[in-house]
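First the structure, in the form of structure tokens, and then the observations on it.
The values are calculated or read from the model by the stated rules, or taken from the named source; none is laboratory data. Quantities reported herein were computed from a predicted structural model and do not represent experimental measurements. Heads up, the Cβs are rebuilt from the backbone with ideal geometry, glycines too, and the neighbour counts pull from every protein chain shown. Accessible surface is based on the protein model in full, side chains and every heavy atom, while ligands, DNA and RNA are left aside. Shrake-Rupley method; radii C 1.70, N 1.55, O 1.52, S 1.80 Å.
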Number of protein chains: 2
Amino acid sequence: MSQNNNKIIEQINFGEGHRMTPQRRFVYEVLMGSIDHPTATEVFIRVKDKMDSISLATVYNCLDALVGVGVVRQVNVDREPSRYCGNLEPHAHFHCETCASVMDVDLKEGADPSNSVKLPRGAKVEKFELAVRGQCPECVRLKNKK
Amino acid sequence: MSQNNNKIIEQINFGEGHRMTPQRRFVYEVLMGSIDHPTATEVFIRVKDKMDSISLATVYNCLDALVGVGVVRQVNVDREPSRYCGNLEPHAHFHCETCASVMDVDLKEGADPSNSVKLPRGAKVEKFELAVRGQCPECVRLKNKK
DNA sequence: TTTTTATCAAGAACTATTCTAAATAATAAT
DNA sequence: ATTATTATTTAGAATAGTTCTTGATAAAAA
């Protein structure tokens, strides 16, 4: 984690009467250092390396707090455990139905998926979640070999 | 449920060695007759009116079977229970963050949300799931009144 | 028929997540 | 400084949605 990013971490504002804590910092750092989309339990395991005393409940608390302040995104995949994602750029997720991997996919410039729907008149859009499902390139390749 | 729709139900093909059963028919009928997006438990309650002997586990089995054949869609909303949806037209879902309702929203003609992402080269797209979140018209109105 | 196979029902088991209560630590008030 | 307040953490219990197991039932195949 770069010096620069650490500064940014200090600046996270949890709101009046709420605090940045070592646990929240570790959870956030783990997420920022992960390119996959770890589950709460996976985050727990990774944070435990740095702070053995942390509990799973605290990881859930920290994740909720970080999601609440909007510096982390929660990604839900079917009935699987929630995954967490430190990439805040507007983006979508590609789910491989063969190997179950989840990867970030950028939006084409200027594209806004919420524009492709006929919204009910008067509705106010806050955000969107776009998941594209199929076979990832690797799984397509493997299948073609056979 | 119209005569016409009942015919269609009979035609659902569960694949070699699999059967259409009264339980699956009831589950499917309940879904086709619902404009909301019931959870498995809600489907269970509605089917129980028509077939008191059905069990919740069976409803789960039936829903899985129907999703598996592709005549029903499973909609996941955050950490909430899965919801099921008989509308197969390509469409998205609008989630009201205030009243927690979920409604179908049609796509604009010709719009394909998967076109708005930069897919990894060689990936094969099967389907997409687009959820737009915000305030539904009713909740926007209520808020403005105050 | 008999045999095989799919499905069902009931409840137990599982697992992700939330809740509870007591302990700790940071902040605010005195 | 000292005390009081409030937020947070921890560990484990509790909850809830879903899946699994087992024996029973029913449909299809032999």
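For Cα pairs less than 8 Å apart in space and 6+ apart in sequence, what is the mean separation divided by the residue count of the range B:89-145, i.e. the relative contact order in percent?
46 percent
Would you pull out the residues with amide H under 5 Å of B:ARG133's amide H, same chain only if 5 or more places away, H placed 1.01 Å from N?
Amide H neighbours of B:ARG133: A:GLU126, A:LYS127, A:PHE128, A:GLU129, B:HIS95.
Run through the DSSP bridge list for the range B:36-146 and note the antiparallel percent, rounded to the nearest 5.
Looking only at bridges with both residues in the range B:36-146, the antiparallel portion is about 70 percent.
Computed on protein heavy atoms with a 1.4 Å probe, what is the summed buried accessible area for the chain pair B and A, in Å² to the nearest 100?
Looking at B and A, the buried total is near 3700 Å².
In whole Hz and in residue order, list the ³J(HN,Hα) couplings for the range A:29-43 that follow from phi through the Karplus curve 6.51 cos²θ - 1.76 cosθ + 1.60, θ = phi - 60°; x for Gly and Pro.
For the range A:29-43, the Karplus curve yields 4, 4, 5, 5, x, 10, 9, 7, 10, x, 7, 4, 5, 5, 4 Hz.
Taking a label point 7 Å from the Cα of A:VAL140 along the Cα→Cβ vector, which residues of the range B:124-146 have an amide N closer than 13 Å to it?
Flagged as within label range: B:124-127.
Take the cross-link list A:LYS145/B:LYS118; A:LYS127/B:LYS48; B:LYS50/B:LYS143; A:LYS50/A:LYS145; A:LYS108/A:LYS143; A:LYS127/B:LYS124 and give me the ones stretching past 32 Å between alpha-carbons.
A:LYS127/B:LYS48; B:LYS50/B:LYS143; A:LYS50/A:LYS145
Just counting partner chain Cβ atoms within 10 Å, what average do the residues of peptide B:133-141 show around their Cβ?
That average works out to 5.
At a 10 angstrom cut-off on C-beta neighbours, averaged per residue, how do the peptides A:96-102, B:20-26, A:37-43 rank from highest to lowest?
So the peptides A:96-102, B:20-26, A:37-43, ranked by packing, come out A:37-43, B:20-26, A:96-102.
Within a 10 angstrom radius of each residue's Cβ in A:106-114, how many Cβ atoms of other chains show up on average? Whole number is fine.
Average per residue, whole number: 5.
Please say if the range A:89-145 is rounded, prolate or oblate, where rounded means a/c under 1.5 for a ≥ b ≥ c the square roots of the C-alpha gyration tensor eigenvalues, and otherwise the choice is prolate for a/b larger than b/c and oblate otherwise?
Here the range A:89-145 falls in the prolate category.
I'd like the mean, over residues of B:11-20, of how many other protein chain beta carbons sit within 10 Å of each residue's own Cβ.
Per-residue shielding by partner chains comes out at 0.
Explain nothing, just the number: relative contact order of chain B, from Cα pairs under 8 Å at least 6 residues apart, as a whole percent.
18 percent
Normalise the Cα radius of gyration of the range B:30-146 by 2.2 N^0.38 Å (N = residues in it) and let me know the number.
1.25
Treat each spin label as a single point 7 Å out from the Cα along the C-beta direction, and report the A:LEU88 to B:ASN13 distance in nm.
Label-label distance for A:LEU88 and B:ASN13, simple model: 5.1 nm.
How long are the three semi-axes of the equivalent ellipsoid of the range B:3-83, in whole Å, if each is the root of 5 times an eigenvalue of the C-alpha gyration tensor, listed from largest down?
So the three semi-axes of the range B:3-83 are 19, 15, 13 Å.
Please state the relative contact order of the range B:3-83 as a whole percent: Cα pairs under 8 Å, 6+ residues apart?
RCO, the range B:3-83: 29 percent.
According to the square roots a ≥ b ≥ c of the eigenvalues of the Cα gyration tensor, what is the shape class of the protein assembly as shown, taking rounded for a/c under 1.5, prolate for a/b larger than b/c otherwise, and oblate for the remainder?
Prolate, because a/c is 1.5 or more and a/b exceeds b/c.
Can you say what percent of the DSSP beta bridges in the range B:89-145, counting only those with both residues inside, are antiparallel? Round to 5.
55 percent
So with the 1.4 Å probe, I'd like the accessible area per residue for the protein assembly as shown, rounded to whole Å².
57 Å²
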